[in-house]
Amino acid sequence: MRLRKGFSNLARHIKNVQGFGLPTVVSINRFSADSEAEIALTKQLCGEAGVEVVLADHWANGGEGAAELARTVVKTIDAGKANFKFLYPTR
């Protein structure tokens, strides 16, 4: 399974977002070819990185397939834990 090696790209994106002081949600855009093992490992690795994971099936189910993702993003925003900061001085 190549996911562990490929996860380094996602891990870097997570680190970049967190570097701005923002809570992070990862969406797994599930496709029919994705195995349960791949999904489980992605969830595990994201959990270890401290981020919430949501499965999205919008490619197959339209808006209803993304409803849980939308609810999770709104919940994350409403929690008020964002502490945005620039990565470098703005002046």
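All of the numbers you see were taken from the coordinates with simple rules; none came from a lab. Nothing here was measured: the structure is a model prediction, and the numbers come from that model. Note that each Cβ is placed from the backbone with ideal geometry, even for glycine, and that neighbours are counted across all protein chains shown.
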- Message: For the chain, take the longest principal axis of its alpha carbons; what is the angle in degrees between that and the long axis of helix 3-19, to the nearest 10 within 0 to 90?
- Response: 30 degrees
- Total charge of the residues flanking Trp59 in space, meaning their Cβ is under 15 Å from its Cβ, with Lys and Arg +1 and Asp and Glu -1, is -3
- With Cα coordinates, the longest principal axis of the chain makes an angle with the long axis of helix 36-48, in degrees rounded to 10, of 20 degrees
- Query: How many nm is it between the label spots at Val74 and Lys5, if each spot is 7 Å from the Cα in line with the beta carbon?
  - Reply: 4.2 nm
- Query: With all pairs of different alpha carbon atoms counted, what Kirkwood hydrodynamic radius in Å does segment 1-90 show?
  - Reply: 14.3 Å
- How much length is gained on full extension from Thr90 to Ser35, taking 0.36 nm per residue of separation minus their Cα-Cα distance? 15.3 nm
